[in-house]
Each structure stands twice: as C-alpha cells, then as structure tokens.
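The values are calculated or read from the model by the stated rules, or taken from the named source; none is laboratory data. Because the structure is a prediction, the values reported are computed rather than measured. Cβ placement follows ideal geometry from the backbone for every residue including glycine, while neighbour counts extend to all protein chains displayed.
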Amino acid sequence: MFDDPFDPAAHPLGCTCGAHGGTTRGLACEPAGTEAGAASIVDRAVTRAIFRTERRRRAFIGLVGKATAAAAVASVFPLAAARAAFAQAPRTIEKRDVKVGFIPITCATPIIMAHPMGFYAKHGLNVEVIRTAGWAVIRDRAINREYDAAHMLSPMPLAITLGAGSNPIPWTMPAVENINGQAITLANKHRERRDPKDWRGFRFAVPFDYSIHNYLIRYYVAEAGLDPDRDIQIRAVPPPEMVANLRADNIDGFLGPDPFNQRAVFDGVGFIHLLTRELWDGHPCCAFAVSREFITQNPGTYHALLRAIVEATAYSSNPANRREVAAAIAPQNYLNQPVTVVEQVLTGTFADGLGRVQRVPNRIDFDPFPWHSMAIWILTQMKRWGQIRGDIDYARIAEQVFLATDTAAAMRDLGLTPPATASRTHVIMGKTFDPADPEGYLNSFAIRRS
Amino acid sequence: MRASRPFASLALAALLFALFVGAWQLSSSTGAGGGAAVDPEYAALVGAAAAAGGQTPFPSPVQIGGRILEHLADPFYVRGTNDQGIGVQLAYSLGRVLSGFLLAAAVAVPLGFIIGMSPLLYGALNPFIQVLRPISPLAWMPLALYTIKDSAISSIFVIFICSIWPMLLNTAFGVASVRKEWLNVARTLECGPVRTAFRVILPAAAPTIMTGMRISIGIAWLVIVAAEMLVGGTGIGYFVWNQWNNLSLADIVTAILVIGLVGMVLDQLLAIATRAVSYQD
C-alpha cells in the first residue's frame, strides 16, 4: 500500500498532523497526545486493517489503553516482520499519466513551471497541465475526477471537506504554492482616495468566495471600521475579468491574484494600492490539492507528485531563477501573458501605476509548507463571515486537510529543512493570531457575522 | 423583393464595410494622447499607452487584420494542451455541436412523429414541452456537470437539450398538419401504417422538419460558444475566453468573425437540405 521513499529510520514516524513528524499518509491523525508519536505507519496500517474504521480503532484503543491495544494487535499479526517488509517497499508509481488543472495566474507558478522545466518528468510522471476557466470549474472537475490533482485556493480544500459551497468530500492540501503575491488594485480615478475609511460604497472583486483574497479584503476594510457586507460590495469575479471590469467601471478595485494587478497597470487601467504582504507577510494563497481518495488509491503517484511540486516550489522561490521561470510560464500554453508583466510580478521590480518603480523582492514568494495555523486562521474567517456555522474542531480539520507531515517528508527527501512544528503564531495587520485560541481570536473582532 | 441588380447590392455592402472600417481605423489612430512624460525605466515596464498616461486602446482594424492573417496562416498547430490553433478549436466545437445535434435529431424526429400522429400524446406531453422549451440551455449546465460528472459530455448534453425542442415541435406540427386527403388516399389504397408514415407523412412533413433542424443548429452554434466559455478546455468558445484572459481583443474579434462565418455555413447547408425536400402543392 505504501511505497516509502524515505528512510524510516532517519525520521520518526507518525501521523499526518505534522505535530508528530513522520510519513504516514492517507491516514487521519489523532489529536496530539492521544497516541505516541513513535507509532509506526505499519502498526497503524495493520490496526486500520483490523478495525476497518478509524472510529472503531480509536474506540478500542480508548477502551483498553494504548499498550494493551498494541500487544493485542501484535498477538494476531507479526508486526515486526511487516515493519521489515515495509521498509524495503519499492518506489512504485501506480499511475504515470496525471492530469493537473490550473488557473492561469502567477500563484500557480510551481505547478505550471514544473511542466516546461521538467520537474514532473524528473520524478517519473507524465503530467498534463490543463488551464481551467475558473475556481468553480476547477472544483467541479476535481470532484468529478477529471483532474487527478488541482491548483486551488488554500481555503477551498477546507471548504470542500466541510461541505461549504459543495457536498462534503474529504480533500487535502499537501502543499502551499505561493505566499504573498496578491494586491489591492484600484481604478485610476481613486488615486486620491487611498484611505479605506473613505471606501464606503466601493465595489470590489475577489476571485472566489472561498479565497484568502475575500478574507483579506474583508479583514482590511473591517479594520478601517467598514462592514464588508453592508458598507462595500464584494463580488466573486474570475481573475481574467477583473481588469476588464475595472476598465468598464463596473468595480472600483479588486483584491486579486497577479498577473492581473500588474496587467491593470500595464494597460493603464488601475494602480497598485498595496501588496497583500503589507497586510499579512507570508500569507498563504494558492495550493496544490488532491482528494483523500486519490492519496489512498495512488500513494506512490501522490508522493512523486508532491516531491515534484516541492522541488519546483523551491526552485521558483530562488530569486536567481525568477526571470527564467517567468519566461517559461508566460507563453500561450500556460499563462498567456506578456513576459514583462509576469517578470515584474516574479522579480518584484514593478511599475505601481503611480509613476514609480518599486522594488519588493518578496512581492511573491513560494513556500510549500502548509502550516496548520494558516488553516485555523482561514477557518476563523470562514466562521467570522458566516460561511460555516456552529462549533468546529479547528485543529483537527487543519490536520486532516493541511498535510504538513507529507510536505515535511518531501522537503527532507529533497534536502530541504522543514519547520519543526506545524503551528505558529501569525501577525495580520499588527495583530497576533494564536492558533491555540481560535474562538478567542474570533470573538475579539467587533465586525463579524457569528 | 426583386432579385435584380445583385452587383449593386454587393457594391453597397462593400462600401458600407469600407466606411465602417475606415472610421474605426481613424478613430483608433487618434486615441493615444500625449500624457505626462515618465522616466524610461517605468515606461519600459508598462504598455505604450500607459506610459503616455492613457489606457491601452481598442485595436485598430489593421492590427486585427494582422492577427487574422496570422491565425489563418497556421490554423491547425498543436503546441501543447493549452495552445492549439484556431482551426483545431473550431473542430472541437463543431464536433460537440454535431454530436449533440445528431443525438437530438435521433430523439426528436421519431418522438415528434409519434406526438404528431397521436393527439392524445400531444396533449399529454405538451405541458412538459412548453415548460422545458424556454429554459436557457446554459441553465442546465450546473445540473449536467453535477449529474454527468464529465464536462465534455455535459457540453454535448447542453447542445442536445437546446436543439431538441425546435425539431420536436416542428416535427410534431409537420406530421399533424399533413393533409387529410393524402392520408385518406393512402387508406383507400390500403397502405399499412408504416408505409403510410414513410411514403406519405415523412415526405409531406419533411420541409417543416428541416426548418426545425435549421433553427436547432443555429441555436446549438450560439450555445456552444457560451458553454465552452463556461467549462473551458477546448473549442472556439474557450479560445475566446482564453484571449479575453490575455485581454487580446484582436484575437477575440478574429474569433467572432470565424464564429459568424461558420454559423452562416451551417445555416446555409441546412437551407440547401430544406430546399431539396420542399415541394409545391
């Protein structure tokens, strides 16, 4: 079932939550502390096979205690032999031809450039990257299994798993694509109205309801005292249509992905009001997402894909490679944009639409590690704006969807150093977010729907 | 209408076209105004119009003509999943339209025949047809995607559902309004029902059925562009969406012209077929 590409002896084995380290995949994780981090994948796979469902297994372990459970399993199954056999499992790839859907934006850079620059092929995969019309389409195609994996907005796997905006289907996010790299672009006529307090009545576009863009613009205007549901309008508009809408004066601005912010400047339609890194430096944006089912059915393919993505992400992150990457992804087969626009986004040396050339090297960056705390922040905002209701187990959902353990394993495999933990505090517009207390954080906001 | 002097109407059409394009060319060449001078580094990073303080203007006919020539020079190239020539995209769209249309014809013509021959069935099915007929085919798209779980088949389904109604209604109408005398003659000659259907009713209703088909293919061609813009992947509608993505208006105009020409050809083909089966009382 598992082909372990990693050396199990070198890394402690554990569960997908990331808090325990290790490389179990496809198995849901226990909340930290309920199970020893040293429990091996084999033990878990075996117990899984014996108990069939996670719930029964947990119930049994809860009933008789961990040690007794392990002994009981060992008495009916030769665990030691299975562990030894498992350690030598070959790196088999179940499915070589893989279809990956993407939206033509610079956020998808690693997913896209891995194709022309050969990262998929290097990991033994024949990947077809397919440009897709919009986020709802990419979601439906991924759910319909027309795509094996897809570029999604990082809140989307959470929303799909929770059944917000679609039927609940267990979805996972083994890697973040880009951090930062978005901007608020305003129409040229608003050059003198840079203070969000003056934005009452503005019409904004965001790419999708379940997007970091939606949560950031809401956060930003709410901090300025405007209620995003009452004082401004927010519409979901596919990124490519944002510039045209801005030009047609249908919207006053948008918080959207590049290259469309830069494209608005390029075409003389708008100016860049601020980069989202000024709101939350290091915020997650787009993601590489696969269904839980795909991981279970094709673990070898999944891990090869993930390694290709992590390697492509690391390559894209290196400032020295940015021009080369821009040239690789700008043509019609991928982004279909002028090279200079893509280059300005990736190098961070860009025209801001106000007559200045700005130099912000980390305007966009690429970091695959899916921090659980990022998922928890997203969940707080989904709840804040009424997209999900009721009590939710923030940490558990974050662990199930953001597969930090797998990412860490792939990073180690490629000689990169993953963070030691999967959770940390984040600072958003000067306010610290503590993932240990999401409800307290949520209740600290004056403007909220829940 | 007198069909005389075709040369004069052609000349007038050409004159109108030349006037329109000329006015367009003139208006687009005077658009860019001299704005504030910016530093050369900044100017290099933005489009020519933005550097001059304006907006990128609508392309001129000359630019569009250039793009059309480029597309026509190599219409069938395939340079990867997302980069294929305009001819290839047209072929995808035509394939979808024809499969949806033929499927619809295969269902609508026999069904329309039965409905037309039986006033009881006509009365029973009419309410359903009347409710389903005015639904925009694109409104079916989410439902189709959800149930069929395949975007390619979904777009064929949308074509199917939009082209079935005109054919169904026209067939039923054509069959129902076959002259009673002809049926009576068939009966006195002791024709069986099958023979009557194929030798009397079908030829009599054929012009009406073909008219239904002509309406259907027109609607199908209208709808496929919108459907492909929605689902994406391949096809001329996706080509338009894709160039919109790149804000490349010259390519969009090219696609619009091509869509119009192909639609005209489809319509004329069915018009010829209609003429072939029509008769004089």
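Key figures for this structure:
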| read-out | value |
| --- | --- |
| Tally, over region B:159-207, of residues that are over 30 Å from residue B:230 (Cα atoms) and touching a Pro at 6+ places or on another chain (Cβ under 9 Å) | 3 |
| Which numbered condition residue A:401 misses (of (1) of a type outside the set (Asp, Glu); (2) within 14 Å of chain B (Cβ to nearest Cβ); (3) touching a residue at least 24 places away in the same chain (Cβ under 8 Å)) | (2) |
| Some residue of region A:149-159 being modelled with pLDDT of 90 or more and within 14 Å of chain B (Cβ to nearest Cβ) | yes |
| Residue in region A:383-404 that is farther than 22 Å from residue A:291 by Cβ, in contact with a Gly (Cβ under 6 Å, 6 or more places away or on another chain), surrounded by fewer than 24 Cβ atoms within 10 Å (Cβ to Cβ) and not polar (S, T, N, Q) present | no |
| Residue A:353 vs. criteria among the small types (Gly, Ala, Ser), farther than 23 Å from residue A:308 by Cβ and assigned by TED's automatic domain parsing to the domain that holds residue A:163 | no |
| Residue in region A:217-233 that is within 14 Å of chain B (Cβ to nearest Cβ) and either part of a loop (DSSP other than H, G, I, E, B) or of a type outside the set (Gly, Ala, Ser) (or both) present | no |
| Of residues in region A:323-341 being buried (at least 24 other Cβ atoms within 10 Å of the Cβ) and not β-branched (Val, Ile, Thr), the one farthest from the other protein chains (Cβ to nearest Cβ) | A:326 |
| Filter pass, residue B:91 being surrounded by fewer than 15 Cβ atoms within 10 Å (Cβ to Cβ) and without any contact (Cβ under 8 Å) to a residue 60 or more places away in the chain | no |
| Lone qualifier among A:284, A:257 - being modelled with pLDDT of 90 or more, surrounded by 24 or more Cβ atoms within 10 Å (Cβ to Cβ) and within 13 Å of another protein chain (Cβ to nearest Cβ) | A:257 |
| Helices (runs of 4 or more DSSP H) lying entirely in region A:84-201 (those with 2 or more residues that are in contact with a Phe, Trp or Tyr (Cβ under 9 Å, 6 or more places away or on another chain)) | A:109-113, A:135-143, A:155-162 |
| Any chance residue A:228 is within 20 Å of the chain's Cα centre (by Cα) and outside the structural domain of residue A:372 (by TED's automatic domain parsing) | no |
| Residue check, residue B:29 of a type outside the set (Phe, Trp, Tyr) and at pLDDT 75 or above | no |
| Helices (runs of 4 or more DSSP H) wholly inside region B:177-258 containing at least 3 residues that are away from every other protein chain (no Cβ under 14 Å) | B:180-188, B:193-196, B:202-231 |
| Any chance residue A:183 is within 14 Å of chain B (Cβ to nearest Cβ) and crowded, with 24+ Cβ neighbours inside 10 Å | no |
| Tally of residues being small (Gly, Ala, Ser) and more than 30 Å from residue B:93 (Cβ to Cβ) across region B:177-220 | 6 |
| When residues of region B:62-88 are limited to those that are in a loop (DSSP other than H, G, I, E, B) and among the small types (Gly, Ala, Ser), the one nearest to the other protein chains (Cβ to nearest Cβ) | B:80 |
| Residue under evaluation residue A:375, criteria (1) part of a helix (DSSP H, G or I); (2) at pLDDT 90 or above; (3) among the hydrophobic types (A, V, I, L, M, F, W, C); (4) within 30 Å of residue A:92 (Cβ to Cβ), criterion not met | (4) |
| Unique match (being more than 19 Å from the chain's Cα centre (by Cα) and within 24 Å of residue B:117 (Cβ to Cβ)) among B:171, B:147 | B:171 |
| Failed condition for residue A:354, given (1) surrounded by fewer than 24 Cβ atoms within 10 Å (Cβ to Cβ); (2) more than 14 Å from every other protein chain (Cβ to nearest Cβ); (3) in a loop (DSSP other than H, G, I, E, B) | (2) |
| Checking residue B:36 against (1) modelled with pLDDT under 75; (2) outside any loop (DSSP other than H, G, I, E, B), the condition it does not meet | (2) |
| Scan of region A:118-135 for residues that are of a type outside the set (Val, Ile, Thr), more than 9 Å from chain B (Cβ to nearest Cβ) and crowded, with 20+ Cβ neighbours inside 10 Å, ordered by number | A:119, A:120, A:123, A:125, A:135 |
| When residues of region B:163-206 are limited to those that are polar (S, T, N, Q) and more than 25 Å from residue B:104 (Cα to Cα), the one surrounded by the most Cβ atoms within 10 Å (Cβ to Cβ) | B:184 |
| Conditions (1) away from every other protein chain (no Cβ under 14 Å); (2) out of contact with any Leu (no Cβ under 9 Å at 6 or more places or on another chain); (3) buried (at least 22 other Cβ atoms within 10 Å of the Cβ); (4) under 30 Å from residue A:232 (Cβ atoms): number failed by residue A:268 | (1) |
